[in-house]
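One structure is given below, encoded as structure tokens.
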Amino acid sequence: MTAETPRPGSRSLLIAGGGLPSLALALALKQAHGPALAVTVIDPGAADPARHRGRAYAVAAGGRRMLERLGVWDRVSVAAEPITEMVISDSRLADPVRPTFLTFGREAGDDRDDGAPFAHMVEAEPLAAALAEACRATGVGFVTAGVERAVPDGAAIRAALTTGDSLRGDLLVAADGARSRLREAARIGWVGWSYPQVGIVATIGHARPHGGRAVEHFLPSGPFAILPLRDGGTLGHRSSIVWTERSDEADALLSGEPDEVLAEIERRFTLDLGALALEHGPSRHPLAFGLARAYRAERLALLGDAAHVIHPIAGQGLNLGLADAAALAEAVTGALRLGLDPGGPDVLRAYERARRFDSFAMAAATDGLNRLFSNDALPLRIARDLGLGIVDRLPGLKRFFIGEAAAARGSRPRLMRGDGL
């Protein structure tokens, strides 16, 4: 463990899980409190950014503002590609033409964020490396182990590690994924189900530039998203795809030779960007919906996928996790500056109030969108295409949806607004 030694009487916070929101939380708190707060990330692979290789995320404006405030954005901006336009189409796979029903871009009269894009595509590996490097520079400790169990111990909580050691802290943050053992051990209920779909992720090279355009084709099996990445690769230009496919068909589609898999991708990608090449992947991931019935237990707070799992149709999974980290950092900081217990029930209730509605609303919205668009029923197709056309013709309504996607509306944690703790 490489944590600095805090002064006597200082506080300590443990984070079980080393994902991107966990690292952002650790960095925010350590920057704000220095040696007065010992922060330790416990994860078997937290120190290895390569485990994120091949993944990319759409970081909304709120997440970018948070990363700027933490001093990390400048390190990853060279690898970030702004999304300047979003194009949505709805068709069957065999349709010769895929009409565009809705486009999002810089709308007339939209003065949000001083002209900045509403999102950037960022590859996960360089983002994880930048966060981990900044964490180490501020004195965040890393323990290469897992947490087997956690037991509240009066004014603290004790975490038993897979190495046989134990750590004691004022608060333990459970960021150990959708199947969180810590959440289950704390007997926090979970409402969720598996979708009959899988998400297929790959990096695709293409001969023509994408121009910052993201495309989402709604097909009967689920959305097929093409998301712009920084130039590079064998053909000079790259995009990330997030391909939602029925579970019972995914094995057959992905079990062929690389050329056969690429041909299936081409059918959905189309050749608008010229010749294609498979740069990385594909990898498959089961899709699910899930919400924790509570975000807290005694001296325990849930973060990220341990609290909520949503469909990737809107690309908001990482942004929800970053918002969790920003809200929890704000609640803990408020307590510490008043000389209060950072793991006390009032702090955890404040965090839960700040995050539950936003998470529920996004989970419900993505579930509804997936059910509406992963459907080939003719009446639904007519209704949704009419709805998309109406939105496309109403600039005010489009600006509203852009604001939601950019995390620019509503009550946001200070870090998501670009303010300090």
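The values are calculated or read from the model by the stated rules, or taken from the named source; none is laboratory data. Fair warning: this is a prediction, and the values are worked out from it, not measured in the lab. All Cβ positions, glycine included, derive from the backbone under ideal geometry; neighbour counts span all protein chains shown. All accessible areas refer to the heavy atoms of the entire protein, side chains included, with ligands and DNA or RNA removed. Shrake-Rupley method; radii C 1.70, N 1.55, O 1.52, S 1.80 Å.
What to note about this one:
- Subset of region 93-145 [among the aliphatic types (A, V, I, L, M), surrounded by fewer than 16 Cβ atoms within 10 Å (Cβ to Cβ) and at pLDDT below 95]: 93, 94, 97, 108, 116
- If you filter region 1-17 down to residues that are over 17 Å from residue 165 (Cβ atoms) and open to solvent by less than 30 Å² (accessible area, probe 1.4 Å), you find that the one that is modelled with the highest pLDDT is 13.
- Residues satisfying the stated conditions in region 224-244, i.e. closer than 11 Å to residue 198 by Cα and crowded, with 24+ Cβ neighbours inside 10 Å: 243, 244
- Of the residues making up region 72-92, those that are in a strand (DSSP E or B), β-branched (Val, Ile, Thr) and either surrounded by 19 or more Cβ atoms within 10 Å (Cβ to Cβ) or under 15 Å from the mean Cα position of the chain (by Cα) (or both) are 83, 88.
- Which listed residue is out of contact with any His (no Cβ under 7 Å at 6 or more places or on another chain) and surrounded by fewer than 24 Cβ atoms within 10 Å (Cβ to Cβ), from 321, 304, 317, 290: 317
- If the condition is being assigned to a loop (DSSP other than H, G, I, E, B), in contact (Cβ under 8 Å) with a residue 24 or more places away in the chain and open to solvent by 10 Å² or more (accessible area, probe 1.4 Å), then region 334-365 contributes only 341.
- Within region 117-144, the set of residues being in contact with a strand residue (DSSP E or B) (Cβ under 9 Å, 6 or more places away or on another chain), of a type in the set (A, V, I, L, M), outside any loop (DSSP other than H, G, I, E, B) and more than 14 Å from residue 81 (Cβ to Cβ) comprises 132, 143.
- Answer residue from region 250-262, given it is surrounded by 12 or more Cβ atoms within 10 Å (Cβ to Cβ) and in contact with a strand residue (DSSP E or B) (Cβ under 9 Å, 6 or more places away or on another chain) and is nearest to residue 198 (Cα to Cα) among those: 250
- Any hit, region 228-247, residues being farther than 30 Å from residue 126 by Cα, among the hydroxyl-bearing types (Ser, Thr, Tyr) and at pLDDT below 95: yes
- Residues (touching a residue at least 40 places away in the same chain (Cβ under 8 Å), surrounded by fewer than 20 Cβ atoms within 10 Å (Cβ to Cβ) and out of contact with any Lys or Arg (no Cβ under 8 Å at 6 or more places or on another chain)) located in region 28-48: 32, 34, 44, 47
- Selected residue (only one of 204, 188 is within 18 Å of residue 263 (Cα to Cα) and of a type in the set (Val, Ile, Thr)): 204
- In region 347-375, the qualifying residues are those that are polar (S, T, N, Q) and over 23 Å from residue 300 (Cβ atoms), and the one that is modelled with the highest pLDDT is 366.
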